[in-house]
Amino acid sequence: MTNKCLTLALHGGAGALRGRDYSRELVHMRGLIEAGRDRLRGGASALDVVVETVVELEISGLYVAGRGASPNTAGRYELDAGVMDGPGQRGGSVAALEGFVSPITAARAVMDTTPHVMFVGEGAAALADARGLKRIADPKSWFTHAGGGENRAPSELATGTVGCVALDETGAVAAATSTAGIFGKPLGRVGDCPVLGAGVWADPRVAVSCTGAGEMFLRAAAAAQVAHRVRFGGESLACAGDAALAEVKALGGDGGLIAVSADGQLIMRYNSAGMKRAALLADGSIVCDVFGG
Ligand code: ASP
């Protein structure tokens, strides 16, 4: 079956700071949407496109994930990532992974090559090594911190988890999320991003990627909540997304999420000051923004 309604959305984090220049991120995000659109039009799967897009977001150094990661309070770069493929509701994730260029490819390796869903720390690194994933040669020259080449105090940086959701021509949806987590996080802290149902989710109907105060997204089971509101409550994707974010807010957090459904709905919602985001709409147009509606 061919689905004409291809859609794709990505985010670069909900921690946007007013007054900061995001022109590089906007150009970068638009380029990734154009590339993902072309891949989807060429018949690529939603899964391949969300992973490829998140790899580009990770290695750009523009967001607080992958190359742009910030260290934890122990000075270590412990990164988290998760991916889900809607058909079959398959998932894979890594948490507190150190030493690899692309945590999302490690998450995909967990999904594709093991009967398990989640690997952490040393075990995640051993799996990534065993699959031949690229190691960071020199951490000192690799990590850029978001938006600059020098180390900055955490208070000067805005959080910048990255994520992508897509609907392909077969009607399949997929989601991927990758992050360095929140600034000033202690050793071993893991947020929502690699936890299926919290910061990432895809089932045959809906795919979701979240960003924001991870503890509250975990407590709200935010990503799965969106999908379940649609599936069991008959809500529109927009209502479901807003309700999940309202619960995050009620728990004391804020943030945002992007989501697509197999019937062609797409949302990018946030209740933080802004969210770096871009999307291919069903009519073929591209939207790209940080603040505003
Ligand atoms: N949700 C991420 C975490 O708590 C942070 C973020 O999205 O900026 O790890």
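Coordinate-derived values only; no laboratory data. Predicted model only: the values in this text are computed from it and were never measured. Every residue, glycine among them, receives a Cβ derived from its backbone with ideal geometry; neighbour counts consider all protein chains shown.
Annotations
- Column: log10 I(q)/I(0), Debye, Cα scatterers of the stretch 62-140, q = 0.11, 0.14 Å⁻¹: -0.26, -0.42
- Rounded to the nearest 20, the Cβ-based charge dipole of the chain about its Cα centre (Lys and Arg +1, Asp and Glu -1) stands at 240 debye.
- Between GLY15, GLY42, GLY66, the Gaussian network model of the chain with springs among Cα atoms under 10 angstrom shows the greatest mean-square fluctuation at GLY42.
- Across the options GLY86, ASN72, VAL55, the greatest Cα extent toward the positive end of the charge dipole of the stretch 12-88 (unit charges at beta carbon of Lys, Arg, Asp, Glu) belongs to ASN72.
- Other residues lying with their Cβ under 11 Å from the Cβ of ALA273 contribute a combined charge of +1, Lys and Arg counting +1, Asp and Glu -1.
- Lys/Arg +1, Asp/Glu -1 at C-beta; the stretch 196-293 dipole; positive extreme among LEU237, SER261, ASN271: ASN271
- Between ARG24, ARG189, ARG277, the GNM of the chain built on Cα springs shorter than 10 angstrom shows ARG24 fluctuating the most.
- q = 0.20 Å⁻¹: log10 I(q)/I(0) that the Debye formula gives for the stretch 1-85, counting C-alpha atoms only: -1.01
- Between the stretch 113-130 and the stretch 257-293, the Cα center-to-center distance that results, in Å: 32 Å
- Principal axis box of the chain, alpha-carbon based, largest edge first, Å: 47, 43, 35
- Under a Gaussian network description of the chain, with springs only between Cα atoms under 10 Å, the residue in THR211, THR113, THR161 that fluctuates furthest is THR113.
- The residues neighbouring ILE104, those whose beta-carbon lies less than 14 Å from its own, together hold a net charge of -3 under the Lys/Arg +1, Asp/Glu -1 convention.
- Percent of beta bridges antiparallel (DSSP, the chain, rounded to nearest 5): 90 percent
- Here LYS249 is the anchor, and the aspartates and glutamates within straight C-alpha reach of less than 16 Å, apart from those fewer than 8 places off in the same chain, are ASP192, GLU215.
- Cα convex hull of the stretch 161-293 - mean projected area over all directions, nm²: 7.8 nm²
- Ranking of CYS288, CYS164, CYS5 by count of other Cβ atoms within 10 Å, fewest first: CYS5, CYS288, CYS164
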